[in-house]
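Engineer: I have a structure here, written as structure tokens, and I will follow up with some questions on it.
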Amino acid sequence: MTAASVDLAARPATPAAGRALHPQLLVAAGQALAGAGNLGFALAMARLLPPGAYADLVVFLAMYLLLHLPATSLSAAGALAPRSARAGRALCVAGGLAVGLALAGTTEPLARLLDLDRSLVLLLAAAAPGALLLGFERGRLYGTHRHRAVVATLLAEPASRLGLGAVLAAMAGVDAAAAAVVAGGYLALAVALVGGRGATAGETVRQPAMAAAVAFLFVAVLQNQDLLLAKVLLGSGEATTFAVVSALGGAAAFATATIPLVLLPDAARGRAGAREAAISVAALTGGAVLSLGLLVPERLVDGLFGPPYREAVPLLAPYLAAMAWLGVARVLIAIRCTGAHRRWAAGVVVMVTAAHAAAVIALADDAAGVARLTFAATVTLAGGLAAPSVLRLPVRSVARRWAAPATWLAALMAAALVLRIVVLRGIWIDEAISISQAQLPWSDMLDQLRSADVHPPLYQAALWVVVRIAGTGELAVKLLSILAGVAIVPALYAAGAALYDRRTGMVAAGLGTVAPFLVWYSQEARMYSLFMLFAVLAVFGQVQAIRRGRVVDWTIYTMSTAALIWTQYFALLPVAVQQVAFVAAWWQRRRDPAERRRVLAGWSLTSVALAALAAPLVPFLSDQLEAYGNRRSGRFGALPSQAGGDVSGVGEEISVYAAIANGVWAMWGYHADRAMAQIGALWPVAMLAALLALGRRWCRASALLVGLVVVPGVALLALGLVKRDLFELRYFSGAVPALLLLTARAITVPARSRVALAGLATAMVATMGVALVDQQLNGANPRRYDFEGALDRVTASAEQGDVLLYEPAYLEAVVDYYAPRLDARPLGAGTRATRDAGTVFVLATDRVTDSKASAAKVGDVLATLEQERAMVNDFRRPNVRVWVLE
Amino acid sequence: MTRWRIRLLGLGSLAFAVIYFVWLLTPARAGHPVLYGMLVVAEVFNAVQALGFWWTVAGDRPRPHVPPADGVVDVDVFIPVYNEPLDVVEATVAAAARLQGARVHVAVLDDGGSDELAAMASRYGARSVRRRDRAGAKAGNINHALARTTAPFVAVFDCDHVPDEQFLVRTLGHLQADDRAAFAQTPQYYANTGTGGIADAAWSQQALFFGTIARGKDARGSMICCGTNVLFRREALAEVGGFPEGSVTEDFALSIRLHERGWRTVYVPEVLARGLGPEDMASYVSQQQRWARGCVGSLRAVWRAKLPWRTRAQYALSAGFFLSGWTALVYMALPVVRIVTGAQPLASASADQFLLHFAPYYGASLLAVAVAGAGSYTFSAFSLTFATFWVHVYASIAALAGRRGRFVVTPKRGADRVQPVPALPALMAIAVLGGVGGYGLVRDTEPATLNNVAFAFMHVTVLASGARYAFRTGRAGRATAEESRPAEVAA
């Protein structure tokens, strides 16, 4: 028996989490210092070297890190099998020499491929023999619990880089800096060898060592491949921008890199508290770095890299979030590789890495695209690694405490939050009007809502408060919707668990996290996100009230339903379905008088309460209806439907494809017209789904949900025959959560095994994820109105005396929002005002209610202006076009 | 409540069917004339089947129990055997010997000539009846025994169908109460279900028939004999000359003759015997081939029979079901032709309108099946029927050619190896549909092409689901009748 095992045996069987936290914090601190040193080196180089040389150094560093990719996996293997020193060292030295020779032998083609000097490639070759060995030796230090030695070897590298590299770079440029990096690696190796002398190894755990080696190898590839691909695929400007983001993101990833290595030997031996400690440290570290990126991105970039790299600022948050997820994912890999899901972990890592590379090559055309794809990859990775635990719910064992539903819901909510803020789109017309109204005094706002709006006042009232607290910034005005969009995730879980079971609830929550429709309206400063949240809560409350009938259940039902009505008048449709459900519940209890009385009493009381809560809306609605009747083609009546898409037959008669389009929007969000036509053509798949439903018994919960989907949809279809724009999913958006719950049920019922459940749920989430990416990033999405981009460009070049003409007139609010200082007028005001103007900008949207008349008006004005002025420029943003005349 | 729900659904489905066919049969809808003709024929065939289904199930009503009359009656219990495993037969003989409600005389009709079987039968007080030849197969075997027995009632059980002790108690009263009742049929229940094997899917098909359809046929006086789990009046059998020996579905042919002579029939919708369904693909296909050839071959007899139109229509519907494989072939061919040649049955401008008119009809039809069958008819059952479309095609061609089928006993034990051969036509169809679908995707991603690729995908999924049973061994899905839990026919 070794000393280490005696030591282990002497310890309590389940040491406190705090005890497991100590080595984590010690090594994390060392790593943070090392990271700070490396960052300092990068900063120093950014200032000392010209941009082109700096980009070369960054690529060199990326290649240097690539060399250390196997080293990372060898660290994992060494941490789990520290006794295999002799064999491990021989393997590492031989492998390192082979790699070094190969690099030296292929210097010329590599230099051309990477657009690097040959000297840098040769330096890489020189670093290779030590790279693998360094990783292995560090792993042995982790495996033998020599955490102080780990810290020492971690600090050795930046010490050399800063001490030697900065001086040499100033004197001899990028080659000298790279040489200092190589020297730092060998110094770290020497420290590791010295620090590991005399260490007594623990037990070897061969199987996990192999799985961990594979998984960590690929996760390291995943971490670094985006930089290389960006360098190869993008132009130098975008590549440099990404290099800056990558440097900062690399620091975030670097900060959490040691956590799984500290964890591995402890997790393999089942030491209690080790996993929780590792997860906590990874989450906190990642969260802290992400917070910096969210709060002070400009300061980070300006302060650390300087103004030339400001293009990187918008990319910082998603990329830091990606690296934070990566940190968590690595801990999950360590946990999986020392547990029962080693192959699963390795498989997930390999697949996500490959998919990420393919996606970057196929889809990314700028630095932002690469950053977003990396974010998507890391979120997917963490989700895939977490899946086995999610599907094992409910988890009661203390050792699996971290996998409890609450933990996973928190993770899903975090993912939902990130997805809802990572690609915020600009304000569009309806939002701008809402914001404009919210800036009015309270009574004026209510007057305007009575006379010029068609919605109940709850959302607008809440926005009024938010605007006074947080201002009218984009994030501030969208805050309510974002929060509702995040809150709907646990609400879906609760409703799914109440209606069916917890598995269904968790799948529903997962679908709600990525559902493109939910994400879309979570980003819109309108009432739809709140409406969907209240709709879910009302279902949850009603089901609980009927089943167990506690006061809190009836209260949740009543308040949610009242809020639903105060948010949108079409809430009356789901409320009608609720009432039918109460009738059914009452009828089904005909053989149990006591139960029947209970349901009837609660139903009666809540109906009275609902009537009382909704009563104040009646005069408000009456005023709105009167004003609506008096209005003909007024400002709001002429707004585009936002239904966007020829396939849905906007502005024409309702077609079958309009119904299909609404169904597609509900599940997969908004897409370009062509994509919608293609998806709509896949309706035979719905025939298949109907066949698959044969033999499935329907429960009452499903009947309620079907009612909540079908009744509002059919009612608005009927209304749409009279007024086309009303057959539009957002007006019955409360049906979408019900549809998600039904989809979750359709996934969990046929999935008898965990693997089948994982496969079906992953497939569904994957389709939604792909649709989400297309919805958010594809400029051909007809619902994306980039007024922000267009007006930013106008205001950037506009000077005193310039005039902006816009068409149609209802763009006033959005122009006021983005360009408040511009002299802006509707096109209908005529061209007299432009006589003395400097530059005239004409802005129009592509999708308007009366496009022919609008286009004719724009054409007339442009022709008139061109008699006196020259058209110097015109540009397009999604659904917005601007002409510049001087 | 349920009956009204079914009738309401039937009426709704009928309305949607009328809307669809009025639209479909307008000449302007025609695209390629041949393809249009094929589509119309297939759709009309299925609509007739659907109408027949709604009409049948609209009469679904529970038949009240009629207790047996006082006094002891004699019942001959026939168990036809032809080289089936002894343990399978023994369970049935033992249960037959325990039948209550009458004085039973169990006879094992052994066409295999097994001494072991005779010894086993004697242990249970049963006698073994043998004959010199095997003329007329099962029908000949029963007729041979009829000539050597005398009881006024005759119960027939296939050797793998274990009767419940109450079988005679629940059925005898119906024949005693009605002198013109020729037989009382009970469900042919498969007990070897619950393992996800082919027997489950086959039972799901049976459950729809022995549920609402059989009850509906009974209400319309048109229940057919299914050859097992049935109690006959000897007088009725004698009047029609016993079981017809010229058909591979002797029970179906017998029913026609009985109805022609004015005999009435009874269906008791209670599971009173538990049998074994096919446990592998070859067994299933063998059974379906026999039924298909027999029923399709009987269509001519149905046409010629002197039957009331309602009864004739019920027989035509039952026999005509075995032509539905042709419609599957048409539906599979249409997307293939469209992708490869561009020709399509409907004018392209009407795609949107097609969906508008077709979707309600399709949805209502499926809903009617789901509600009327109380969820008993599953996707697995449908896919198994679809994947064996070739059985119907082959059977009808053979019937048209006048080729007589041979009575083949359905194997009672599943094979211990995979059986890709019976699924070969389905696999070929999958290959063609998959290949053409892939070709379509490579060629273009226009909505019209995608629509046909989606149809191809749908067919591939259904075919694959049905064909998968060929790749399960019988052993994997095997369960004995004794191990299985009892079940009821969906009400």
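Engineer: Under 7 Å between Cβ atoms, which residue pairs at least 6 apart in sequence (or on different chains) link something in the stretch B:153-169 that is closer than 16 Å to B:CYS226 by Cα with a partner that is polar (S, T, N, Q) and part of a loop (DSSP other than H, G, I, E, B)?
Structural biologist: From residues that are closer than 16 Å to B:CYS226 by Cα, the pairs are B:VAL156/B:THR228; B:PHE157/B:THR228; B:PHE157/B:ASN229; B:ASP158/B:THR228; B:HIS161/B:THR228; B:HIS161/B:ASN229.
Engineer: Another question, if that's okay. Please give the helices (runs of 4 or more DSSP H) falling wholly within the stretch A:681-795 in which 2 or more residues are more than 14 Å from every other protein chain (Cβ to nearest Cβ) and on the phi > 0 side of the Ramachandran plot.
Structural biologist: By residue number, no helices (runs of 4 or more DSSP H) qualify.
Engineer: Quickly run through the stretch B:438-447 and pick out the residues that are at the interface with chain A (Cβ under 7 Å from one of its Cβ atoms) and assigned to a helix (DSSP H, G or I).
Structural biologist: Residue satisfying the conditions is B:PRO447 alone.
Engineer: Another question about this same structure. Taking the options B:VAL409, B:VAL371, name whichever one is in a loop (DSSP other than H, G, I, E, B), of a type in the set (Val, Ile, Thr) and modelled with pLDDT under 90.
Structural biologist: The conditions single out B:VAL409.
Engineer: Consider only pairs whose beta carbons are under 7 Å apart and that are at least six residues apart or on different chains; among these, list those whose first residue lies in the stretch B:123-146 and is of a type in the set (Ser, Thr, Tyr) and whose second residue is part of a strand (DSSP E or B) and at pLDDT 95 or above.
Structural biologist: Hits for this filter: B:TYR124/B:VAL106; B:SER128/B:VAL108.
Yes/no per residue for (1) among the hydrophobic types (A, V, I, L, M, F, W, C); (2) buried (at least 21 other Cβ atoms within 10 Å of the Cβ); (3) touching a strand residue (DSSP E or B) at 6+ places or on another chain (Cβ under 7 Å):
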| position | (1), (2), (3) |
| --- | --- |
| A:VAL232 | yes, no, no |
| A:VAL244 | yes, yes, no |
| A:GLY250 | no, yes, no |
| A:ALA253 | yes, yes, no |
| A:THR256 | no, yes, no |
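Engineer: Moving to a separate point now. Do we have A:LEU804 as in contact with a Phe, Trp or Tyr (Cβ under 9 Å, 6 or more places away or on another chain), within 29 Å of A:ALA863 (Cβ to Cβ) and not polar (S, T, N, Q) here?
Structural biologist: yes
Engineer: Turning to a different aspect of this structure: Collect the residues in the stretch B:335-352 that are modelled with pLDDT under 85 and surrounded by fewer than 17 Cβ atoms within 10 Å (Cβ to Cβ), keeping them in residue-number order.
Structural biologist: Correct list: B:ALA347, B:SER348, B:ALA349, B:ASP352.
Engineer: If you go through the stretch A:258-316 one residue at a time, how many are aromatic (Phe, Trp, Tyr) and either part of a helix (DSSP H, G or I) or in contact with a Cys (Cβ under 6 Å, 6 or more places away or on another chain) (or both)?
Structural biologist: Within the stretch A:258-316, residues that are aromatic (Phe, Trp, Tyr) and either part of a helix (DSSP H, G or I) or in contact with a Cys (Cβ under 6 Å, 6 or more places away or on another chain) (or both) number 1.
Engineer: Which residues, counting only those in the stretch B:122-165, are over 30 Å from the mean Cα position of the chain (by Cα), farther than 18 Å from B:ASP74 by Cβ and not in a loop (DSSP other than H, G, I, E, B)?
Structural biologist: Across the stretch B:122-165, the qualifying residues are B:SER122, B:ARG123, B:SER128.
Engineer: Sort through B:ALA69, B:ALA95 and tell me the only one that's in contact (Cβ under 8 Å) with a residue 24 or more places away in the chain and in contact with a strand residue (DSSP E or B) (Cβ under 6 Å, 6 or more places away or on another chain).
Structural biologist: Answer to the selection: B:ALA95.
Engineer: If I ask for residues that are surrounded by fewer than 23 Cβ atoms within 10 Å (Cβ to Cβ) and part of a helix (DSSP H, G or I), which ones from the stretch A:134-147 would you list?
Structural biologist: A:HIS147
Engineer: Is there any pair linking a residue in the stretch A:650-671 that is more than 13 Å from A:ARG730 (Cβ to Cβ) to one that is β-branched (Val, Ile, Thr) and at pLDDT 80 or above, with Cβ under 6 Å and at least six apart or on different chains, and which?
Structural biologist: Matching pairs, first to second residue: A:VAL664/A:ILE679.
Engineer: Same structure again: The conditions are (1) within 29 Å of B:ALA15 (Cβ to Cβ); (2) within 14 Å of another protein chain (Cβ to nearest Cβ); (3) at pLDDT 85 or above, and B:VAL330 fails exactly one of them. Which is it?
Structural biologist: Failing condition for B:VAL330: (2).
Engineer: Based on this model, can you work out whether A:ALA334 counts as surrounded by 24 or more Cβ atoms within 10 Å (Cβ to Cβ), modelled with pLDDT of 80 or more and within 30 Å of A:ALA268 (Cα to Cα)?
Structural biologist: yes
Engineer: Could you please find all residues in the stretch A:657-680 being within 7 Å of chain B (Cβ to nearest Cβ), touching a Leu at 6+ places or on another chain (Cβ under 6 Å) and aromatic (Phe, Trp, Tyr)?
Structural biologist: none
Engineer: Looking for something in contact (Cβ under 8 Å) with a residue 40 or more places away in the chain, hydroxyl-bearing (Ser, Thr, Tyr) and not in a strand (DSSP E or B) - is there at least one such residue anywhere in the stretch B:77-85?
Structural biologist: Yes: the stretch B:77-85 contains one or more residues that are in contact (Cβ under 8 Å) with a residue 40 or more places away in the chain, hydroxyl-bearing (Ser, Thr, Tyr) and not in a strand (DSSP E or B).
Engineer: Can A:ARG730 be described as farther than 16 Å from A:ALA495 by Cα and either surrounded by fewer than 22 Cβ atoms within 10 Å (Cβ to Cβ) or free of Cβ contacts under 8 Å to residues at least 24 places away in the same chain (or both)?
Structural biologist: Taking the combined requirement at face value, the residue does not satisfy it.
Engineer: Are any of the residues in the stretch B:161-170 surrounded by fewer than 16 Cβ atoms within 10 Å (Cβ to Cβ) and either in contact with an Asp or Glu (Cβ under 8 Å, 6 or more places away or on another chain) or within 13 Å of B:LEU109 (Cα to Cα) (or both)?
Structural biologist: The answer is no, given that none of the residues of the stretch B:161-170 is surrounded by fewer than 16 Cβ atoms within 10 Å (Cβ to Cβ) and either in contact with an Asp or Glu (Cβ under 8 Å, 6 or more places away or on another chain) or within 13 Å of B:LEU109 (Cα to Cα) (or both).
Engineer: Which residue out of A:SER434, A:SER451, A:SER443 is buried (at least 19 other Cβ atoms within 10 Å of the Cβ), out of contact with any strand residue (DSSP E or B) (no Cβ under 7 Å at 6 or more places or on another chain), part of a helix (DSSP H, G or I) and small (Gly, Ala, Ser)?
Structural biologist: Checking each option against the conditions leaves just A:SER434.
Engineer: Count, please, the residues in the stretch B:368-389 that happen to be buried (at least 23 other Cβ atoms within 10 Å of the Cβ), closer than 18 Å to B:GLY52 by Cα, small (Gly, Ala, Ser) and facing chain A (nearest Cβ under 9 Å).
Structural biologist: Residues in the stretch B:368-389 being buried (at least 23 other Cβ atoms within 10 Å of the Cβ), closer than 18 Å to B:GLY52 by Cα, small (Gly, Ala, Ser) and facing chain A (nearest Cβ under 9 Å): 1 in total.
Engineer: Please find, within the stretch A:510-555, the residue that is surrounded by the most Cβ atoms within 10 Å (Cβ to Cβ) out of those that are not basic (Lys, Arg) and not in a helix (DSSP H, G or I).
Structural biologist: Ranking the candidates gives A:ALA515 first.
Engineer: Identify all residues within the stretch B:179-202 that are surrounded by 24 or more Cβ atoms within 10 Å (Cβ to Cβ), outside any loop (DSSP other than H, G, I, E, B) and in contact with a strand residue (DSSP E or B) (Cβ under 7 Å, 6 or more places away or on another chain); write none if there are none.
Structural biologist: Matches in the stretch B:179-202: B:ALA182, B:PHE183, B:ALA184, B:GLN185, B:TYR189, B:TYR190, B:ALA199, B:ALA202.
The values are calculated or read from the model by the stated rules, or taken from the named source; none is laboratory data. Keep in mind it's a predicted model, so treat the numbers as computed, not measured. Note that we place each Cβ from the backbone using ideal geometry, even for glycine, and neighbour counts take in every protein chain shown.
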